[in-house]
Amino acid sequence: MSDAAAKKPATTTAEDTLREKSRDANVISGGHLVAKALKAEGVDTIFTLCGGHIIDIYDGCLDEGIRIVDVRHEQTAAHAADGYARQTGKLGCVVTTAGPGCTNAVTGIATAFRSESPVLHIGGQSALNQWKMGGLQDLNHVGLMQSITKFASTVMSTERVADMVSMAARECFAGAPGPAYLEIPRDVLDREIDVSRAVLPKPGHYRASTKSAGDPRDIERLADILVNAERPAILMGQQVWTARGHEEAIALLRGLDIPGYFNGAGRGLLPPGDPHHFDRTRTMAFSKADVIVIVGTPFDFRMGYGKRINVPCLVQIDMDYKTVGKNRDIDLGIVGDPGAVLGAVLQAASGRLKNDKRQMRQQWMRDLTKAEDAALEKLMPIFKSDQSPIHPYRVAYEINEFLTEDTIYIGDGGDVVTISAQAVRPRGPGNWMDPGALGSLGVGTGFSMAAKLAHPHKEVLCYYGDGAFGMTSFDMETADRFGAPYIAVIGNNSAMNQIRYGQMAKYGPQRGNVGNKLGDMEFSYFPKMWGGHGEEVREASQIAPALRRAREFVQTNGKSAVINVWVDPNEYAPGTKNQTMYK
Ligand SMILES: Cc1ncc(C[n+]2csc(CCOP(=O)(O)OP(=O)(O)O)c2C)c(N)n1
Ligand SMILES: [Mg+2]
């Protein structure tokens, strides 16, 4: 844990001493039981915004050495808990007060739900002895949260507080991970009970291993399929990273000489330039392959619901039984942990790949590489465009050139960020974060703060649209307050441009510019309010030097930097032009 961790009071007052003395070791309150259960689950940080209903949890966290990161908006707390889960591979935790504290966090929890991120949301509630009486901030939180969590419940007794935190944590990891919500009424939280009456699940003893390798017969079948394939291709999705199966995934691609494609959090599992890393030829590969294996990503809109895949043999591997075979037929489905399944398949196939097949695959990969190179060549003129106003492709290209092996890249916005997917190639596993299938604008600030807190030695760069930046950026100050500075680059077109394009196309320029234009904001002023760095960039040649100065500033001053790049509002991503995301 960093220095900013566990904000213990700097000085001990007489009042503190009194409280310490009066604390009876034989009794414990609900808030302290929450903290104990979180500690047992390996949670070292909570993201929160305070409220009278939840303060006893903070008091417990102080005792357990759990870092309390208090933000300015609960949406950011929830995105940060999600981001922290993605970056640590452990349970993320957000704590909000009752009523608006909960509703403000809804977008973050919903994002985690669609992204299969294990986040425990603990929320306050009026005291049970005022149940349904119309208390301050009273709301049916459980009813509200049920549809965006895997599990949502009220804790009805102090004795069960730790037990139910552990239960909710277990639910987060059942099958494909996801969020859970737990509401704890104020009297349940504040009440002190005899320690002996509290149900306290023992760390490491209340959860099974989740590393199931699927049905052994299906593993054999897949090994057979893969050793006999001539033009196989594998798509590694987010679950491969979520479940930390990247080593097995890479070993399989290399061991059996199979081209790998990557989406969502799967991006970066292999660095660009690796012989088994492919990204610009997915359509070609998917139309010419004889076997396709989809690992850990659903057939949702990002995959055209699987309808465009036309292949003699389609295999799907997923942590969730409900996802396998959904939206289109498959030839083989395996439910299990991606790493465990892929590791078992490699083992079962070991030594069985015949030389002629290996040579065919190498030719297949050479053909794909050629097509990749041609696709990149085609993009080069706009990547290097020095037009004024700046072409958004140039910004994305410059960001990619700027990334190091230790930079975590986060995208938060519409069109400018869609464009960046064509240019930005993260150099390592976990170095790519996007909102996922919910497509939520505003994830950037929480994700950035969480990524930096989880990996203080890494650099974090968030690329925002100007619309997205406006949503959550006030919490950049929170990131800096907790020693988690990052570089924010804004592709500023003074509009919600991704939406504007569709409106213009449908209603024409007169009526299409309605409800989607923003003011011209010189965002470089913003971080200066608390000692950060800001720059305006209006010429393409100035992007790279500004990025370098931002890096230097963040490293030297420990505060964030904002590079506000003015981009051409009349340039759009092909996906936006086709409006593929709505199909
Ligand atoms: C929270 C939220 N509200 C609205 C949308 C719909 N939406 C998708 S892209 C977009 C425009 C985003 O504008 P900006 O961040 O400036 O990026 P640009 O498209 O201009 O590059 C909007 C409003 C969304 N995805 N999420
Ligand atoms: Mg914009």
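Values computed for the structure shown
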read-out	value
The range 45-83, residues that are part of a helix (DSSP H, G or I), closer than 21 Å to G204 by Cα and in contact with a strand residue (DSSP E or B) (Cβ under 9 Å, 6 or more places away or on another chain)	G60, C61
Where K39 falls short, out of the listed (1) under 27 Å from A208 (Cβ atoms); (2) over 19 Å from the mean Cα position of the chain (by Cα); (3) crowded, with 21+ Cβ neighbours inside 10 Å	(3)
Test result for P271, surrounded by fewer than 20 Cβ atoms within 10 Å (Cβ to Cβ), part of a loop (DSSP other than H, G, I, E, B), on the phi < 0 side of the Ramachandran plot and touching a strand residue (DSSP E or B) at 6+ places or on another chain (Cβ under 7 Å)	yes
Single condition V443 does not satisfy, out of (1) more than 16 Å from ligand 2 (Cβ to nearest atom); (2) among the aliphatic types (A, V, I, L, M); (3) under 23 Å from E116 (Cβ atoms)	(1)
Options S440, S448; residue that is among the small types (G, A, S) and more than 14 Å from ligand 1 (Cβ to nearest atom)	S448
Per-region count, the range 97-106, residues assigned to a helix (DSSP H, G or I) and surrounded by fewer than 23 Cβ atoms within 10 Å (Cβ to Cβ)	4
For G89: the one exception among (1) touching a Lys or Arg at 6+ places or on another chain (Cβ under 8 Å); (2) buried (at least 24 other Cβ atoms within 10 Å of the Cβ)	(2)
Filtered residue count, the range 410-449, keeping only those that are assigned to a loop (DSSP other than H, G, I, E, B), under 23 Å from G483 (Cα atoms) and of a type in the set (G, A, S)	2
Pair list, Cβ under 6 Å, 6 or more apart: the range 484-504 residue in contact (Cβ under 8 Å) with a residue 24 or more places away in the chain, other residue near ligand 2 (Cβ under 9 Å from one of its atoms) and of a type in the set (D, E)	I490/D466; N492/D466; N497/D415; Q498/D415
Matching residues, the range 538-583, being within 16 Å of ligand 1 (Cβ to nearest atom), among the aromatic types (F, W, Y) and crowded, with 18+ Cβ neighbours inside 10 Å	W566, Y572
Those residues of the range 462-488 which are within 13 Å of ligand 2 (Cβ to nearest atom) and not acidic (D, E), in sequence order	Y463, Y464, G465, G467, A468, F469, G470, M471
Matching option when the condition is more than 16 Å from ligand 2 (Cβ to nearest atom), of a type in the set (K, R) and not in a helix (DSSP H, G or I), among K528, K559	K559
Number of the exception - T297 against (1) part of a loop (DSSP other than H, G, I, E, B); (2) touching a helix residue (DSSP H, G or I) at 6+ places or on another chain (Cβ under 9 Å); (3) closer than 24 Å to R366 by Cα	(3)
Residue list for the range 490-523, filter: of a type in the set (G, A, S), within 16 Å of ligand 2 (Cβ to nearest atom) and part of a helix (DSSP H, G or I)	G502, G512
Cβ-Cβ under 9 Å pairs, at least 6 apart or on other chains, the range 453-474 side under 24 Å from T88 (Cβ atoms) and in a helix (DSSP H, G or I), far side away from ligand 1 (no atom under 16 Å from the Cβ) and of a type in the set (F, W, Y)	L453/Y84; L453/F482; A454/Y84
Residues being in contact with a Pro (Cβ under 7 Å, 6 or more places away or on another chain) and within 16 Å of ligand 1 (Cβ to nearest atom) - total across the range 479-513	5
The range 425-440, subset surrounded by 24 or more Cβ atoms within 10 Å (Cβ to Cβ) and away from ligand 2 (no atom under 16 Å from the Cβ), residue nearest to I46 (Cα to Cα)	M433
Subset tally (residues that are without any contact (Cβ under 8 Å) to a residue 40 or more places away in the chain and not in a helix (DSSP H, G or I)) for the range 356-409	1
Candidate set from the range 459-478 (those that are more than 10 Å from G414 (Cα to Cα), among the aliphatic types (A, V, I, L, M) and buried (at least 24 other Cβ atoms within 10 Å of the Cβ)); member that is farthest from ligand 1 (Cβ to nearest atom)	V460
Test: V291 is at pLDDT 95 or above, crowded, with 22+ Cβ neighbours inside 10 Å, farther than 27 Å from D82 by Cβ and in contact with a Pro (Cβ under 9 Å, 6 or more places away or on another chain)	yes
Counted residues, the range 512-534 - those being under 15 Å from F553 (Cβ atoms), out of contact with any Lys or Arg (no Cβ under 8 Å at 6 or more places or on another chain) and surrounded by fewer than 18 Cβ atoms within 10 Å (Cβ to Cβ)	1
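For every residue, the table says whether it meets (1) closer than 26 Å to D356 by Cα; (2) over 22 Å from the mean Cα position of the chain (by Cα); (3) not polar (S, T, N, Q).
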residue	(1), (2), (3)
D215	no, yes, yes
E230	yes, yes, yes
V240	no, no, yes
R244	no, no, yes
L253	yes, yes, yes
G260	yes, no, yes
H277	yes, no, yes
M284	yes, yes, yes
D290	yes, yes, yes
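The values are calculated or read from the model by the stated rules, or taken from the named source; none is laboratory data. All values derive from a computational prediction rather than experimental measurement. In this analysis, Cβ positions are derived from the backbone assuming ideal geometry, glycine residues included, and neighbour counts consider all displayed protein chains.
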